[in-house]
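The values are calculated or read from the model by the stated rules, or taken from the named source; none is laboratory data. The structure displayed is predicted, hence computed values, not measured ones. Cβ: placed from backbone, ideal geometry, glycine included. Neighbour counts: every protein chain shown. Note: areas computed on protein heavy atoms with side chains; ligands, DNA, RNA excluded. Shrake-Rupley method; radii C 1.70, N 1.55, O 1.52, S 1.80 Å.
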Amino acid sequence: MLTTREYSALFCAIAADVAGAPFQLNETGKRVRDRCRAAGEAISRADVNFVLQGLLFSGHEFAKGNDAPQSLAQRSADNVLGLCRREQFPTDDAVIAAVRTWIVSGCEARLAKN
């Protein structure tokens, strides 16, 4: 389970990678993991692939102009909430807010710093 800070670093790494190279699941996953580790974040390849696959399964198309970290974070939160609903996990307003805070708020804080 990634922390809010790790999610933020991951989404920034994904955005930076796809801005400089075409998206290919395996190659992008390796580069993103390496970029995260170079930044001091111990994010595994499995974590990167889970997020990338979740983005793809939720309909995200890389290189279509919507690869900003905040957008990726929002879509990933939507994917997690969709997985919860699929597994019939109750998603009331408090759960939805908690998931969004956990996954998205790090990007918002990072953007506010810049």
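One table, with the values for the structure above:
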| read-out | value |
| --- | --- |
| Condition check for V104: of a type in the set (V, I, T) and modelled with pLDDT of 95 or more | no |
| Test: residue in segment 12-21 that is within 18 Å of R100 (Cα to Cα) and out of contact with any Ser or Thr (no Cβ under 8 Å at 6 or more places or on another chain) | yes |
| Residues located in segment 62-73, provided they are small (G, A, S) and assigned to a helix (DSSP H, G or I) | S71, A73 |
| Residue that is in contact (Cβ under 8 Å) with a residue 60 or more places away in the chain and open to solvent by 50 Å² or more (accessible area, probe 1.4 Å), where the choices are R31, R5 | R5 |
| Segment 14-28 - residue that is small (G, A, S) and over 13 Å from S76 (Cβ atoms) and, of those, surrounded by the most Cβ atoms within 10 Å (Cβ to Cβ) | A16 |
| Matching residues, segment 12-61, being among the hydroxyl-bearing types (S, T, Y), outside any helix (DSSP H, G or I) and modelled with pLDDT of 95 or more | S44 |
| Per-region count, segment 36-45, residues closer than 19 Å to L56 by Cβ and either among the basic types (K, R) or loosely packed, with under 14 Cβ neighbours inside 10 Å (or both) | 2 |
| In segment 74-101, residue farthest from I14 (Cα to Cα) [restricted to those that are part of a helix (DSSP H, G or I), in contact with a Leu (Cβ under 9 Å, 6 or more places away or on another chain) and of a type outside the set (V, I, T)] | R100 |
| Check on D67, more than 16 Å from E6 (Cβ to Cβ), surrounded by 15 or more Cβ atoms within 10 Å (Cβ to Cβ) and among the acidic types (D, E) | yes |
